[in-house]
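I have placed the structure first, in the form of structure tokens, so that the comments after it can refer back to it.
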Amino acid sequence: MAYRVCFVCTGNICRSPMAESVFRARVAEAGLDGLVEVDSAGTGGWHEGDGADPRTASVLDEHGYGTGHTARQFQQSWFGRLDLVIALDTGHLKALRRLAPTEEDARKVRLLRSYDPAADADLDVPDPYYGGRDGFEECLEMVEAASAGLLDSVREHLEGQPV
């Protein structure tokens with residue numbers, strides 16, 4: 001059975017699709033793409049059905065990541081099928097933990113930058129939506145930095161599973 005990870009931001013057009021694309025690439029590079037499923041969603045449904053923000057797609061494309069994406073809203077019913085829900089900032093973390101139907105589900109929710117040992121006390125990935133392109137580049141840097149630690153954590157979980 002696959003280990004399922006879902007990245008969540010506000011509208012699912014900037015940060016979470018960026019994290020999804022980067023982490024999916026890391027999973028494939030590690031040879032785990034058959035064992036780990038990666039997707040993303042938003043806490044709200046404002047952009048459901050839309051593609052990624054063009055700036056997100058551009059930055060991902062320029063750095064060699066896939067850009068196919070359709071925005072959707074996170075649903076409470078998904079907790080039962082997910083192993084890990086990765087919030088991009090503390091607002092998302094709180095909203096997702098409130099939405100979780102059980103304490104066990106609430107424990108599945110983690111902040112992405114908590115997997116970056118070099119991150120400072122502020123574990124939020126800033127929302128680049130209302131800024132310029134440099135905010136999208138900064139977002140990508142933070143996502144890439146945390147993805148290695150997240151991959152290590154997922155790999156540890158997989159190694160502990162029966163074959």
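The values are calculated or read from the model by the stated rules, or taken from the named source; none is laboratory data. All figures in this text were calculated on a predicted structure; none of them were measured in a lab. Cβ placement follows ideal geometry from the backbone for every residue including glycine, while neighbour counts extend to all protein chains displayed. Quick note on the areas: whole protein, heavy atoms, side chains included, nothing else; ligands and nucleic acids left out. Shrake-Rupley method; radii C 1.70, N 1.55, O 1.52, S 1.80 Å.
Please verify whether the stretch 111-118 includes one or more residues that are of a type in the set (A, V, I, L, M), surrounded by fewer than 16 Cβ atoms within 10 Å (Cβ to Cβ) and not in a helix (DSSP H, G or I). Yes, because at least one residue in the stretch 111-118 is of a type in the set (A, V, I, L, M), surrounded by fewer than 16 Cβ atoms within 10 Å (Cβ to Cβ) and not in a helix (DSSP H, G or I).
Would you be able to say whether some residue in the stretch 96-109 is in contact (Cβ under 8 Å) with a residue 40 or more places away in the chain, within 24 Å of Ile13 (Cβ to Cβ) and within 12 Å of the chain's Cα centre (by Cα)? Looking through the stretch 96-109, none of the residues is in contact (Cβ under 8 Å) with a residue 40 or more places away in the chain, within 24 Å of Ile13 (Cβ to Cβ) and within 12 Å of the chain's Cα centre (by Cα). Counting the residues of the stretch 1-35 that are among the aliphatic types (A, V, I, L, M) and open to solvent by less than 10 Å² (accessible area, probe 1.4 Å) gives 6. Regarding Arg15, is this residue out of contact with any Ser or Thr (no Cβ under 9 Å at 6 or more places or on another chain), on the phi < 0 side of the Ramachandran plot, at pLDDT 95 or above and of a type outside the set (S, T, N, Q)? No; evaluated as a whole, the condition is false for this residue. Annotation note: Cβ proximity below 7 Å between a residue of the stretch 36-52 that is closer than 19 Å to Arg81 by Cβ and without any contact (Cβ under 8 Å) to a residue 24 or more places away in the chain and a residue that is open to solvent by 10 Å² or more (accessible area, probe 1.4 Å) and outside any strand (DSSP E or B) (sequence gap 6+ or interchain) occurs for no pair. Residue-level analysis places Lys94 outside the set of residues that are within 16 Å of Glu37 (Cα to Cα) and among the basic types (Lys, Arg).
Residues of the stretch 119-129 that are open to solvent by 50 Å² or more (accessible area, probe 1.4 Å), within 18 Å of Thr43 (Cβ to Cβ) and among the charged types (D, E, K, R): Asp127 alone. Among the residues that make up the stretch 73-94, is at least one of them under 18 Å from Ser16 (Cα atoms), touching a Leu at 6+ places or on another chain (Cβ under 8 Å) and open to solvent by 60 Å² or more (accessible area, probe 1.4 Å)? Within the stretch 73-94 (the criterion being under 18 Å from Ser16 (Cα atoms), touching a Leu at 6+ places or on another chain (Cβ under 8 Å) and open to solvent by 60 Å² or more (accessible area, probe 1.4 Å)), the answer is yes, since at least one residue qualifies.
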